[in-house]
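Asks: Provided herewith is a single structure, encoded as structure tokens, for subsequent inquiry.
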Ligand code: SAM
């Protein structure tokens, strides 16, 4: 049975629990948006249109995988997990809050043969994926589908983009401000390291916006759903060099690149040295990283 707001409240109250703010526990109870998230994950239809030019290793071999692998971070009470399992997913669900594990075990029992429920913090040292889960994710293509806790969203998405070519698609609920950074282009206020470190490997689209009323408890900020589609080929030449150039430039996003590079013994070969980091496209930054610009 689908979880409504009153189901979620009852599930917690029956165990004497309350939502934990420090774990970003804002439970999504809006059925329409839950359905849209599952739809955007393309678990049942063709995963990606052939004309999109996007790679989808899971789909390259016919016949189609009937149980696509999905990673969900922070299943909470299982409101989204239930829909994903109903849609046929083979689900890896990672929840840090041990208090929620018994609720999840009970709610998700009907699909136990397609579920790996793991109690763990998905991040080790705040920006690397927990190694045992990383090993599992490297085994086969998967999709990320999650209402992400705010503390985890940015480092997780960067790591999945850069380190996990097996992550072929992502549908993630994030704070609106994070969604704007993820989709920002050169020249826009929100453009910066997060935009570049994700767009180098994923095409990013905003697919929905949600008011705080869709969640319990009501968060202070708006949220948005973004869809991330892995590119056939990364837009950067070397991940480590690209990342160091991004970090170097965006320490001083409004200074002229000529000055920034000179201070580090580097120079611009072709680019106008009076440009500022926030004005450079991803390809121009990649060129600087590889000594081409
Ligand atoms: N999926 C549920 C929903 O949509 O209603 C809950 C989403 S809630 C925004 C975020 C969830 O992530 C919470 O269940 C929280 O306990 C969990 N969480 C927070 N930090 C985490 C971490 N580092 N690793 C794994 N889960 C985490």
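Asks: Test of understanding: among 121, 99, which residue is within 12 Å of the ligand (Cβ to nearest atom), under 19 Å from the mean Cα position of the chain (by Cα) and surrounded by fewer than 18 Cβ atoms within 10 Å (Cβ to Cβ)?
Replies: 121
Asks: Could you look through segment 282-293, keep only residues that are within 19 Å of residue 182 (Cβ to Cβ) and touching a helix residue (DSSP H, G or I) at 6+ places or on another chain (Cβ under 9 Å), and pick out the one that is surrounded by the most Cβ atoms within 10 Å (Cβ to Cβ)?
Replies: So the residue we want is 285.
Asks: Are any residues in segment 69-88 assigned to a loop (DSSP other than H, G, I, E, B) and within 12 Å of the ligand (Cβ to nearest atom), and if so, which ones?
Replies: Across segment 69-88, the qualifying residues are 74, 75, 76, 77, 78.
Asks: Kindly provide the set of residues from segment 11-41 that are farther than 17 Å from residue 98 by Cα and either loosely packed, with under 13 Cβ neighbours inside 10 Å or not assigned by TED's automatic domain parsing to the domain that holds residue 147 (or both), ordered by number.
Replies: 32
Asks: Pick out the one residue from 148, 157, 129 that is closer than 23 Å to residue 68 by Cβ, touching a helix residue (DSSP H, G or I) at 6+ places or on another chain (Cβ under 6 Å) and within 12 Å of the ligand (Cβ to nearest atom).
Replies: Working: 148 fails: touching a helix residue (DSSP H, G or I) at 6+ places or on another chain (Cβ under 6 Å); 157 fails: within 12 Å of the ligand (Cβ to nearest atom).
Residue meeting the stated conditions: 129.
Asks: Ok, one more. Of these, 212, 141, 149, which one is in contact with a strand residue (DSSP E or B) (Cβ under 8 Å, 6 or more places away or on another chain), assigned by TED's automatic domain parsing to the domain that holds residue 125 and free of Cβ contacts under 8 Å to residues at least 12 places away in the same chain?
Replies: Going through 212, 141, 149 in turn, the sole match is 212.
The values are calculated or read from the model by the stated rules, or taken from the named source; none is laboratory data. Quick caveat, the model's predicted, so the values are computed rather than measured. Heads up, the Cβs are rebuilt from the backbone with ideal geometry, glycines too, and the neighbour counts pull from every protein chain shown.
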